[in-house]
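Undergrad: My questions will all concern the structure given below.
The values are calculated or read from the model by the stated rules, or taken from the named source; none is laboratory data. Predicted, not measured: the structure shown is a model, and the values here were computed from it. Cβ: placed from backbone, ideal geometry, glycine included. Neighbour counts: every protein chain shown. Please note that ligands, DNA and RNA were not included when accessible areas were found on the heavy atoms of the full protein model with its side chains. Shrake-Rupley method; radii C 1.70, N 1.55, O 1.52, S 1.80 Å.
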Amino acid sequence: MPLSPLSPNLYGSWEALADGLQVQRLALHLPQLREQLLTPPPSVTLLAQAPPSMLTTRPAALAEPAAEAVVAQAGLQHWLRLPAAYGTADAGTNPLAASADQVADTLLEGVTDPAVRAAVAAVCAAAAWWVGAFAVIRHLGVHHSSLQPVDSEIALETLQSATSIVALGTAQRILAEQLRTAAADEAVRMAYCRAITESIVIESRLPELLEELGELRLVDLVSTSIPWRGRFTKYAGGTGAGQVE
């Protein structure tokens, strides 16, 4: 008898749940996102140099079939598809993009496989859009622990730090999948090791950053992106976030 495919492990199941949550939240709030992009009130503009339209600038399209296959293998098609569909065009450079690009450059040092390089760069660039999109509608959300409306401002530096973490997490998923399923060379293995090392270094800073972000959607996006001790704690213990949404 043919063997059935292996079922995902518990870690993979939590990861799939987190992915679905991000997509669901974006779908639920597309009308609000469009509204802020068309007629943003002054109070919504985070900083003079970061209007909503720039924070949601559409990343460059990934046109290489081999790289698209690498992304699909890691289950991250949605990560690129939604920015391509809902990103703004001709809005200038996303001020979060440099943080995402720096993560890709750091991890890809020595990696020569063009498909892996393009895939990692693409998911990192998309991370800037996801953080920017949730930041644009942040004022419509609630605090991740108190579930009270969020009315505080947020610094651009905080969003840049969040982007670096989200980019690191998605890039790590690409690299991990390559090590699991492909004949990855030593350079890819070292890139994955660098991603793990960066995650360990970031962990001590993460709780403070989550409090700076405050808002539920941004906190969930960042906190579930990289492996750390508190990654799925809220899901395992139950949350009121579903009621809020």
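Undergrad: I need the full set of residues from segment 146-159 which are within 17 Å of GLU208 (Cα to Cα) and surrounded by fewer than 14 Cβ atoms within 10 Å (Cβ to Cβ), in order please.
TA: Passing the criteria: SER146, SER152, GLU153, ALA155, GLU157.
Undergrad: Residue check: is GLN22 among the polar types (S, T, N, Q), modelled with pLDDT under 90, part of a helix (DSSP H, G or I) and open to solvent by less than 100 Å² (accessible area, probe 1.4 Å)?
TA: When the stated conditions are applied, GLN22 does not pass them.
Undergrad: Only residues that are at pLDDT 95 or above and among the aromatic types (Phe, Trp, Tyr): list them for segment 72-121, please.
TA: Residue satisfying the conditions is TRP79 alone.
Undergrad: Kindly check whether there is at least one residue in segment 175-185 that is over 23 Å from LEU55 (Cα atoms) and crowded, with 24+ Cβ neighbours inside 10 Å.
TA: Checked against the condition, which is being over 23 Å from LEU55 (Cα atoms) and crowded, with 24+ Cβ neighbours inside 10 Å, segment 175-185 yields at least one hit.
Undergrad: Please determine, by comparing only the residues of segment 54-71 that are assigned to a helix (DSSP H, G or I) and open to solvent by 40 Å² or more (accessible area, probe 1.4 Å), which one is modelled with the lowest pLDDT.
TA: Per the criteria, the residue is MET54.
Residue-by-condition table, conditions (1) touching a residue at least 12 places away in the same chain (Cβ under 8 Å); (2) aliphatic (A, V, I, L, M); (3) touching a Leu at 6+ places or on another chain (Cβ under 8 Å):
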position	(1), (2), (3)
SER13	no, no, no
GLN22	yes, no, yes
ARG81	no, no, no
ALA100	yes, yes, no
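Results for (1) of a type in the set (S, T, N, Q); (2) assigned to a loop (DSSP other than H, G, I, E, B), shown as yes or no for each residue.
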site: LEU147; (1), (2): no, yes
site: SER152; (1), (2): yes, yes
site: ALA183; (1), (2): no, yes
site: MET190; (1), (2): no, no
site: ARG194; (1), (2): no, no
site: THR197; (1), (2): yes, no
